[in-house]
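Asks: Let me give you the structure first, and then I'll get to my questions.
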Amino acid sequence: MMGLALVLTTQAATAEVTDPPLDRGQVLERTLSGTGEPHYFLYVPQSAGSHPSLFVTVHGISRNARQHASLFAPLAERYGVVVVAPLFPAHEYGDYQRLGRRGGAHRADRALEAIVEEVGRLTGARTERFFLFGYSGGGQFAHRFAMAYPQRVEAYAVGAAGWYTFPDPNLRYPRGVETRRCLPDVQMSPDRFLTVPAAVIVGERDTRAGSALRKTTRVSEQQGRSRLERGRRWVEAMRRTAREAGLVSSFDFVEMPRCGHSFKRCMQRGGMGEIVFERLFARRRAATGSGGPG
């Protein structure tokens, strides 16, 4: 696939420090140590150094986590970056897009933290701050995680999210950042999350309001009626709020030609993977003058 032969293997994770070396150049399916779930897919490139950067990619409601890992693997090999794609099962993580804010829902933010910690131990990847991407429902998760935990995210990209959390402290989460009632242990502070670089990427044909798109009156009036319009409005709101606060920020909007709302087609036809890695890694490398992310 994309010029790189990927082999799906399954390896059971253990909590021992003496874990055997992971196979490189293969997509590995793993289960979080001591929990039975969630599963995640891992790709350690043959080009990775001793302490590579970590790239997390989060699926939409189709839960195609393996496909995420497979399609990003060639780019991971090129950049020397470890890829992890968590799988959030619907029966336990039905509200993962909003971090798990409903009563009784499993907290997807905490699950990701546990996966990142384990992957760092197994691979040597740098995990104090990692790079984050999500597509569709995963894009909802990605930007909300970055807003809740800006100290953990180096930079992030959002692919065609259905709707967004706006930087408005007067609106209750998930439309705004007032979280006391639904995520009392999380504080979304604009002065912190607005400084994390981000990009929103949406196909130019992603304008249809399908069944998976939230179409409530309040959301549509605030954000627009399509993923394309909503992505633009969110980027504008983040830029405006940062500017009014006197903060240095970086929020880009990228429109992919000839693409609708298909992750696979956006990757293969729209070059979304290249756009994501260019925004997260190549530009950062050029700006810092470092030799590379790995």
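The values are calculated or read from the model by the stated rules, or taken from the named source; none is laboratory data. Because the structure is predicted, anything quoted here is derived from the model rather than measured. A quick note on method: Cβ atoms are made from the backbone with ideal geometry, for glycine too, and the neighbour counts reach across all protein chains shown.
Asks: Given the criteria part of a loop (DSSP other than H, G, I, E, B) and either free of Cβ contacts under 8 Å to residues at least 24 places away in the same chain or hydrophobic (A, V, I, L, M, F, W, C) (or both), does residue 69 qualify? Spell out the reasoning first.
Replies: Working: part of a loop (DSSP other than H, G, I, E, B): no; either free of Cβ contacts under 8 Å to residues at least 24 places away in the same chain or hydrophobic (A, V, I, L, M, F, W, C) (or both): yes.
No, not satisfied.
Asks: Pick out the one residue from 149, 173, 156 that is under 19 Å from residue 109 (Cβ atoms), surrounded by 23 or more Cβ atoms within 10 Å (Cβ to Cβ) and either of a type outside the set (Val, Ile, Thr) or modelled with pLDDT of 95 or more (or both).
Replies: Numbers: 149 fails: surrounded by 23 or more Cβ atoms within 10 Å (Cβ to Cβ); 173 fails: surrounded by 23 or more Cβ atoms within 10 Å (Cβ to Cβ).
Of 149, 173, 156, the one residue that is under 19 Å from residue 109 (Cβ atoms), surrounded by 23 or more Cβ atoms within 10 Å (Cβ to Cβ) and either of a type outside the set (Val, Ile, Thr) or modelled with pLDDT of 95 or more (or both) is 156.
Asks: Any residue in the stretch 166-179 that's over 20 Å from residue 230 (Cβ atoms): show its pairings with residues that are hydroxyl-bearing (Ser, Thr, Tyr) at Cβ separation under 6 Å, as long as the two are six or more apart or on different chains.
Replies: Going by the 6 Å Cβ cut-off, the qualifying pairs are 179/173.
Asks: Follow-up question, since we're still on this one. Can you confirm whether residue 126 is touching a residue at least 60 places away in the same chain (Cβ under 8 Å) and in a loop (DSSP other than H, G, I, E, B)?
Replies: Working: touching a residue at least 60 places away in the same chain (Cβ under 8 Å): yes; in a loop (DSSP other than H, G, I, E, B): yes.
Yes, satisfied.
Asks: Output yes when any residue across the stretch 109-130 is at pLDDT below 95 and in contact with a Lys or Arg (Cβ under 7 Å, 6 or more places away or on another chain), and no when none is.
Replies: Looking for residues that are at pLDDT below 95 and in contact with a Lys or Arg (Cβ under 7 Å, 6 or more places away or on another chain), one finds none in the stretch 109-130, hence no.
Asks: In addition: Go through the stretch 191-294 and tell me which helices (runs of 4 or more DSSP H), entirely inside it, have 2 or more residues that are modelled with pLDDT of 90 or more and surrounded by 15 or more Cβ atoms within 10 Å (Cβ to Cβ). Lay out the reasoning, then the answer.
Replies: Working: elements: 217-223, 227-244, 263-268, 272-277, 283-288.
Because the criterion is at least 2 residues that are modelled with pLDDT of 90 or more and surrounded by 15 or more Cβ atoms within 10 Å (Cβ to Cβ), the helices (runs of 4 or more DSSP H) in the stretch 191-294 that meet it are 217-223, 227-244, 263-268, 272-277.
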